[in-house]
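As structure tokens, the structure follows; a few thoughts come after it.
The values are calculated or read from the model by the stated rules, or taken from the named source; none is laboratory data. None of the values given here were measured: they were computed from a predicted structure. Quick reminder, even Gly has a Cβ in these numbers, built from the backbone with ideal geometry, and neighbours come from all protein chains shown. Please note that ligands, DNA and RNA were not included when accessible areas were found on the heavy atoms of the full protein model with its side chains. Shrake-Rupley method; radii C 1.70, N 1.55, O 1.52, S 1.80 Å.
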Amino acid sequence: MLDIQDELREKCPWDHKQTNESLRPHTIEEAFELCDAIMDGNPVEIQKEMGDVMEHLVFYAMIGREQGLFDMGDVLEKEADKLVFRHPHIYGYTNEKGEFVKPECANPDEVSKLWERVKQKEKGGNKTVLSGVPRSLPSLIKAYRIQDKARNVGFDWEKREDVWQKVYEEIDELKAELEKGDKANSEKELGDVLFAIVNAARLYHINPDTALELTNRKFISRFGYVEQKAKEQGRELKDLTLAEMDALWEEAKAKEK
């Protein structure tokens, strides 16, 4: 793989001109294609898309080597060191007193909390808990990660059921602003509603991004059924009444069951 990438860099005009910046949007696209394959549960496509993502990582490492900054060996070595450092419950570590210690973690939740403490120590305490959340993450995923990181340092609801009061409170505030016709405040309140719902999903161990994607796919499938049935009748969607579309929608739902 490394040899092929080197040859392409030298001989292919497209590969030759690429930079970190020009590759970035393609990398994002490849990552989402891998996510699609995972959601589809298709092992053949997962393998294929993993290869595409890996090719990009090889490309970045090659550019790093050309600039005299790092190569693939450096990348993997540093990642290996980081994994060992961030898993003291597996590998142990030497504390300030020179003692070898190995903290115990009985479940994934304890591991997550230890992970955050170790990451802060790794960064020398110069960064905040939430500074590690990438700014370019999609907003829904970012909200989940923000809340999860806050949870790992103890900032969370004592009882998950209590979150619903916050959800209903935010919905009421949104409705009040909508009734006033205040678009700016309505936008802020809608954000609060979504953030609260993400919080509820997290507390009930549901990934909101996955849940929303399942609903997106369900809607696409049902709407596609409505569109197909309209075509079979020799009609355009815009020619159907809302009642007719609702009836076809219910047919699509029934077929899913």
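Put the Cα centre of region 131-208 next to the Cα centre of region 1-53 and the gap is 34 Å. Measuring r between the beta carbons of Ser22 and Leu2 and using R0 = 30 Å, the FRET efficiency lands at 0.90. Round to a whole number: what % of the accessible area of the chain belongs to carbon and sulfur, probe 1.4 Å? Carbon plus sulfur share of accessible area: 56 percent. Accessible surface computed residue by residue for the chain, with neighbouring protein chains in place and a 1.4 Å probe, gives 70 Å² per residue. Entry note, the chain: the mean residue ellipticity at 222 nm calculated from DSSP H runs of n ≥ 4, each adding -39500 (n - 2.57), is -24000 deg cm²/dmol after division by the residues and rounding to the nearest 500.
For Cys35, the solvent-accessible surface with a 1.4 Å probe is about 70 Å², rounded to the nearest 10. Once the chain from Asp71 to Lys121 is taken as fully extended at 0.36 nm per residue, the excess over their C-alpha distance is 15.4 nm.
Averaging sequence separations of C-alpha pairs under 8 Å and six or more residues apart, then dividing by the length of the chain, give the relative contact order as a whole percent.
9
In this calculation the C-beta distance from Glu45 to Glu250 is compared with R0 = 35 Å, giving a FRET efficiency of 0.60.
Taking every protein chain into account, the 1.4 Å probe leaves Tyr168 with about 130 Å² of accessible area, to the nearest ten. Of the residues Arg202, Arg65, Arg217, ranked by 1.4 Å probe accessible area with the largest first, the sequence reads Arg65, Arg217, Arg202.
Here are several values of semi-axes √(5λ) of the Cα gyration tensor in Å: (i) 90, 14, 11; (ii) 41, 32, 18; (iii) 39, 21, 17. Which one was derived from the coordinates shown? The listed entry that was calculated here is (ii). Taking all protein chains as shown and a probe of 1.4 angstrom, Val101 keeps an accessible surface of around 40 Å².
FRET efficiency for the Cys35 to Lys180 pair, using the beta carbon distance and R₀ = 45 Å, is estimated at 0.70.
The accessible-area ordering, largest first, of the residues Lys229, Lys119, Lys102 stands as Lys102, Lys229, Lys119, per a 1.4 angstrom probe. Sorting His16, His87, His56, His26 by solvent-accessible area of protein heavy atoms yields His16, His26, His87, His56, largest first, with a 1.4 Å probe. Per-residue extension of 0.36 nm, minus the Cα-Cα distance of Ala80 and Ile206, leaves a gain of 42.3 nm for this segment.
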